[in-house]
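Beneath this line is the structure, given in structure tokens, with notes to follow.
The values are calculated or read from the model by the stated rules, or taken from the named source; none is laboratory data. Since this is a predicted model, take the numbers as computed values, not measurements. In this analysis, Cβ positions are derived from the backbone assuming ideal geometry, glycine residues included, and neighbour counts consider all displayed protein chains.
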Amino acid sequence: MSAVTTAGLGGGNVGVLGTGSCLPERRVGSAEVADLLGVDLRWIAERIGVRERRFAEPGETASQLATGAALRALEAAGVAVGELDAVVVATSTPDRPIPGVAARLQAAIGAHGSLAFDVNASCAGFLFAVETGRGLLAADPRRDYVLVVAADTYSRYLNPADRRTYPLFGDGAGAVVLGRVPDGEGILTTELITDGRMAEYATGGPPVASTPEELAGGKHHIAMSGRDVAELVLAEFPRLVTDTAKEQGIEPADLDHVICHQANPRLLESCARTVDLAPRQLVITGDLVANTASASVPIGLDVAARDGRIRPGDAVLLITFGAGMSWGRTFLRWPAAAGQSQRIKENA
């Protein structure tokens, strides 16, 4: 599939104006996980690379984590809540099936009157939500800002006896504020793919028609064919990187930051070596927060933006993978400054 060139479509270029993230307070170290599973701590370190993850406390929800991330992103962007035109939330672990997390988030931050809805593409959901938000801005020049948040609490569906999944996941939320940016900046290309023939590679959550017996038997637990998922990631990651470089007329070495879904830090390091990415190019957060599902890419983006790694003009490639199977990429040039879209509007 060819990437869609998004720069300049409809309402002009759209970029990230601010980032934010939010993690639960509860820390769960890999030593605790190793003891629970009856495995050697070195096995987790060598095979997975996760030292710590955060688990939501009982009663702590995806919408609460989303609220924390959203407020930080709005502050970083210099955008007031009342200026938001839409709120798009990526999640596969909503507080409840009805209503969506976006509605609760909209109320929590006071974005009354904005469009608000959820997107579910599992761990890949963030880039699907970003493309949705970009499309909303491109479709209507009267819209100025879209808040995109990814939030998941996969710990609710983990089987503490399953060594294939329990060490991998954590909970968290990440957010970005999208707005208009100058030509040559912001989101330049996006490629999103879903292949439902791989739907059974990763599943989780209670079946809609589940019985008490099924729930007692663990039918709601996350189940994953790690080998099949790893094969897809190992095959597609190099292509996503090289295709992006070719489209932009650069080499993979010219990418300043590659922020990928943190499925497994060790797997990502292996993927990076296949296209000769230097360690400095690859943003790794999974060692400290594990796989936070749809939130993993925006959390990585927020960490890199706040610690000064990402600078204006940097070439940033976002890559995601998730159940479905769904995967994709978004390439962007980092905008010159937060709030840049407001200055464009004022000077128009």
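Odds and ends about this structure:
- Qualifying residue in region 149-163 (condition: part of a strand (DSSP E or B), modelled with pLDDT of 95 or more and of a type in the set (Val, Ile, Thr)): yes
- Of everything in region 128-154 that is more than 14 Å from the chain's Cα centre (by Cα) and among the charged types (D, E, K, R), the residue that is surrounded by the fewest Cβ atoms within 10 Å (Cβ to Cβ) is ARG142.
- Residue within region 78-88 that is more than 19 Å from GLY172 (Cα to Cα) and in a strand (DSSP E or B) present: yes
- In the condition set (1) at pLDDT 95 or above; (2) more than 19 Å from PHE331 (Cβ to Cβ), GLY174 is compliant with all but (2).
- Among the residues here, VAL50 qualifies as crowded, with 24+ Cβ neighbours inside 10 Å, in a loop (DSSP other than H, G, I, E, B) and β-branched (Val, Ile, Thr).
- Among the residues making up region 92-117, those that are buried (at least 17 other Cβ atoms within 10 Å of the Cβ), of a type in the set (Gly, Ala, Ser) and in a loop (DSSP other than H, G, I, E, B) are SER92, GLY100, ALA111, SER114.
- Which listed residue, of ALA80, ALA69, is at pLDDT 95 or above and either farther than 30 Å from MET325 by Cα or surrounded by fewer than 21 Cβ atoms within 10 Å (Cβ to Cβ) (or both): ALA80
- Subset of region 284-298 [surrounded by 24 or more Cβ atoms within 10 Å (Cβ to Cβ), under 14 Å from LEU268 (Cβ atoms) and aliphatic (A, V, I, L, M)]: VAL289, ALA290, VAL297
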